[in-house]
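Structure, as structure tokens:
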Amino acid sequence: MHELALAQEMLVILNEEAARHRLKKVTGITLEVGVLANVVPEALSFAFEALTGDTIFEGATLVLHKIPVKAVCQDCGESYTALQIPFFCPQCKSNKASILAGTELHIVNLMGEAHDDY
Ligand SMILES: [Zn+2]
């Protein structure tokens, strides 16, 4: 399952971030997910929950924001964005495009409780 691998990758970054912010408990995570990253939110939440039992991330809410595809048409040079796949150039209907954005998965925000011994 694709989302399980993604959740594992995310956790590596999340652990670093949580340590950096000295969080003892994480309650919410906001993610930006490119439309082309092909992530099923429910599957990602499920994988995340399965991996985070008994960790500081247990019970954290995942909020996913979709990032549209940004592309440049290889036939006519038009730049455009699309929120759906498959996508086509709005000018010439070509499906040949250079992708500039839309495949990424970013962690934009972590909410939680910090250690108070600092
Ligand atoms: Zn075009």
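The values are calculated or read from the model by the stated rules, or taken from the named source; none is laboratory data. This structure is a prediction, so every number in the text was calculated from the model and none was measured. Cβ coordinates were reconstructed from backbone atoms using ideal geometry, including for glycine residues, and neighbour counts include every protein chain displayed.
Restricted to region 12-38, and to residues that are at pLDDT below 95 and in contact with a Ser or Thr (Cβ under 8 Å, 6 or more places away or on another chain), which residue is farthest from Glu113 (Cα to Cα)? The selected residue is Leu36. In this structure, does Ala43 turn out to be outside any strand (DSSP E or B) and surrounded by 15 or more Cβ atoms within 10 Å (Cβ to Cβ)? For Ala43, the condition - outside any strand (DSSP E or B) and surrounded by 15 or more Cβ atoms within 10 Å (Cβ to Cβ) - is met. Can you confirm whether Asp54 is exposed (fewer than 13 other Cβ atoms within 10 Å of the Cβ), assigned to a loop (DSSP other than H, G, I, E, B) and of a type in the set (Asp, Glu)? For Asp54, the condition - exposed (fewer than 13 other Cβ atoms within 10 Å of the Cβ), assigned to a loop (DSSP other than H, G, I, E, B) and of a type in the set (Asp, Glu) - is met. Residues in region 94-118 that are among the hydrophobic types (A, V, I, L, M, F, W, C) and surrounded by 12 or more Cβ atoms within 10 Å (Cβ to Cβ): Ala97, Ile99, Leu100, Ala101, Leu105, Ile107, Leu110, Met111, Ala114. When region 23-36 is filtered for residues that are touching an Asp or Glu at 6+ places or on another chain (Cβ under 9 Å), surrounded by fewer than 18 Cβ atoms within 10 Å (Cβ to Cβ) and not polar (S, T, N, Q), the ones remaining, listed by number, are Lys24, Lys25, Glu32.
Quick grid of which residues meet (1) within 16 Å of the ligand (Cβ to nearest atom); (2) under 29 Å from Ala114 (Cα atoms); (3) at pLDDT 95 or above:
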residue: Glu3; (1), (2), (3): no, yes, no
residue: Val40; (1), (2), (3): no, no, no
residue: Thr55; (1), (2), (3): no, yes, yes
residue: Lys66; (1), (2), (3): no, yes, no
residue: Val69; (1), (2), (3): yes, no, no
residue: Asp75; (1), (2), (3): yes, no, yes
residue: Cys89; (1), (2), (3): yes, no, yes
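Ala60: modelled with pLDDT of 95 or more, within 24 Å of Ala5 (Cβ to Cβ) and within 19 Å of the chain's Cα centre (by Cα), yes or no?
On the way: modelled with pLDDT of 95 or more: yes; within 24 Å of Ala5 (Cβ to Cβ): yes; within 19 Å of the chain's Cα centre (by Cα): yes.
Yes: the conditions hold for Ala60.
The condition (being out of contact with any His (no Cβ under 7 Å at 6 or more places or on another chain) and either without any contact (Cβ under 8 Å) to a residue 40 or more places away in the chain or within 16 Å of the ligand (Cβ to nearest atom) (or both)) is satisfied by just one residue among Val12, Val35, Val26: Val12.
Filtering Gln91, Gln84 for residues that are more than 13 Å from the chain's Cα centre (by Cα), without any contact (Cβ under 8 Å) to a residue 60 or more places away in the chain and surrounded by 12 or more Cβ atoms within 10 Å (Cβ to Cβ) leaves a single hit, Gln91.
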